Amino acid sequence: MRQATPTLTIADAAFTFNHMPTGGSTWLAGTGGPSDIEKVSVDYTWNIITPLLRPFFTGGQVTLHVESAMKNEQFN
């Protein structure tokens, strides 16, 4: 994520990792194990620097939330 957004400084606390075990139906905290579905979420508060846009956002900020899910590889 940090490599994809080099102009943003994203703190470690902005990242959340969850996993869904094989056959499971709910997300659990942590990174999980082989064959689990992983989900990483990132929350970032961006300060709007354009004076014309700032008044349209509370406190001149917007909170961005992104999530991505992937399957953990099996290790042999």
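The values are calculated or read from the model by the stated rules, or taken from the named source; none is laboratory data. All figures in this text were calculated on a predicted structure; none of them were measured in a lab. Note that we place each Cβ from the backbone using ideal geometry, even for glycine, and neighbour counts take in every protein chain shown. SASA here: full protein model, heavy atoms, side chains in, ligands and nucleic acids out. Shrake-Rupley method; radii C 1.70, N 1.55, O 1.52, S 1.80 Å.
Things worth noting here:
- Across the stretch 28-76, the fraction of Cα-Cα pairs farther apart than 13 Å, rounded to a whole number, is 67%.
- Our summary gives the chain a relative contact order of 27 percent, counting only alpha carbon pairs under 8 angstrom and 6 or more residues apart.
- Neighbourhood charge, 15 Å Cβ-Cβ cut-off, centred on residue 25 and excluding it, Lys, Arg +1 and Asp, Glu -1: 0
- In this simple spin-label model, placing a label point 7 Å from the Cα along the Cα-to-Cβ direction at both residue 16 and residue 64 gives a separation of 1.8 nm.
- Within the accessible surface of the chain, defined with a 1.4 Å probe on protein heavy atoms only, the carbon and sulfur portion equals 59 percent.
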